[in-house]
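Working notes, structure below.
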Amino acid sequence: MEVTGGRYCGETVRGRMEGRGSYTLPTGTEYRGELKDGMFHGEGELLFPGGGRYRALWHRGVPAEGKYTFADGLEYQDEKWHYCDGYDRRFYTEICSGLKPAGISQLTNLDPPRKIPAGCYDCGDGFYNPETRIVVDYKMRFLRNADDDEHEWIIRTCRKAEDETTGHKPKP
């Protein structure tokens, strides 16, 4: 069933999503779980294209309680969150697998890091092109247009593609 640009597969009552089902939004995010009167209701989870998931107990389309798990398995905690807190700046994969030897930097939680297209930035959910102000996901599909605040934040804080080769350059 096509619903507002998304796709639904599951039980219905009087033409509305009700019972167990799967609803895929136009962004690629998928909800799997219980629905009532066309809304997320009961146990269900959102599966994000980047691999993260939000498992929750829903009430009339709103999560009453839930837990977010990042693609690498790290579970977010509302209280006493100590990951990347200023005292310990290690990536989750470094916490699980240990630090690299001196002189070998790990630039992102992914090792090796994603290759960023020339002139672009890795903004966490995709690549940002500052000339077009467009964010695309890691499969190069459109996500959104960046407003001025997001543009400035990405330029100031995100990892940019290498503009030139660094390191030893042999003599010609």
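The values are calculated or read from the model by the stated rules, or taken from the named source; none is laboratory data. Just so you know, these numbers come straight off a predicted model, no measurement behind them. As a convention, Cβ positions derive from the backbone with ideal geometry for all residues, glycine included, and neighbour counts pool all protein chains shown. Only protein heavy atoms, including side chains, enter the accessible area calculation; ligands, DNA and RNA are left aside. Shrake-Rupley method; radii C 1.70, N 1.55, O 1.52, S 1.80 Å.
Conditions tested, residue by residue: (1) under 22 Å from Y138 (Cα atoms); (2) of a type outside the set (F, W, Y).
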{"position": "E30", "(1), (2)": "yes, yes"}
{"position": "G52", "(1), (2)": "yes, yes"}
{"position": "Y76", "(1), (2)": "no, no"}
{"position": "H82", "(1), (2)": "no, yes"}
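E152 meets the conditions (1) open to solvent by 90 Å² or more (accessible area, probe 1.4 Å); (2) at pLDDT 90 or above; (3) not in a helix (DSSP H, G or I) in every case but one. The failed one is (3).
The set of residues in region 2-20 that are in contact with a strand residue (DSSP E or B) (Cβ under 7 Å, 6 or more places away or on another chain) and on the phi > 0 side of the Ramachandran plot comprises G10, G19.
Considered as a group, the residues in region 120-134 that are over 13 Å from R159 (Cβ atoms) and out of contact with any helix residue (DSSP H, G or I) (no Cβ under 8 Å at 6 or more places or on another chain) include one that is most open to solvent (accessible area, probe 1.4 Å), and that residue is E131.
Could you check how many residues of region 139-149 are in contact with a strand residue (DSSP E or B) (Cβ under 8 Å, 6 or more places away or on another chain) and either open to solvent by 80 Å² or more (accessible area, probe 1.4 Å) or part of a helix (DSSP H, G or I) (or both)? Of the residues in that region, 3 qualify. From the residues in region 5-43 that are within 25 Å of A71 (Cα to Cα) and of a type in the set (S, T, Y), which one is farthest from the chain's Cα centre (by Cα)? Only one residue tops the list, namely Y8. Counting just the residues of region 119-132 that are of a type outside the set (S, T, N, Q) and in a loop (DSSP other than H, G, I, E, B), which one comes out farthest from E150 (Cα to Cα)? My answer is G119. At least 1 residues being exposed (fewer than 14 other Cβ atoms within 10 Å of the Cβ) and either in contact (Cβ under 8 Å) with a residue 40 or more places away in the chain or β-branched (V, I, T) (or both) is the threshold, and among the strands (runs of 3 or more DSSP E) wholly inside region 20-118 those reaching it are 62-69.
The rows are residues; the columns are (1) of a type in the set (G, A, S); (2) closer than 29 Å to R144 by Cα.
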residue: V13; (1), (2): no, no
residue: R16; (1), (2): no, no
residue: G19; (1), (2): yes, no
residue: E30; (1), (2): no, yes
residue: G44; (1), (2): yes, yes
residue: P49; (1), (2): no, yes
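Can you find, within region 45-99, the residue that is farthest from E34 (Cα to Cα) among those that are hydroxyl-bearing (S, T, Y) and at pLDDT below 90? Across region 45-99, the extreme among qualifying residues is Y87.
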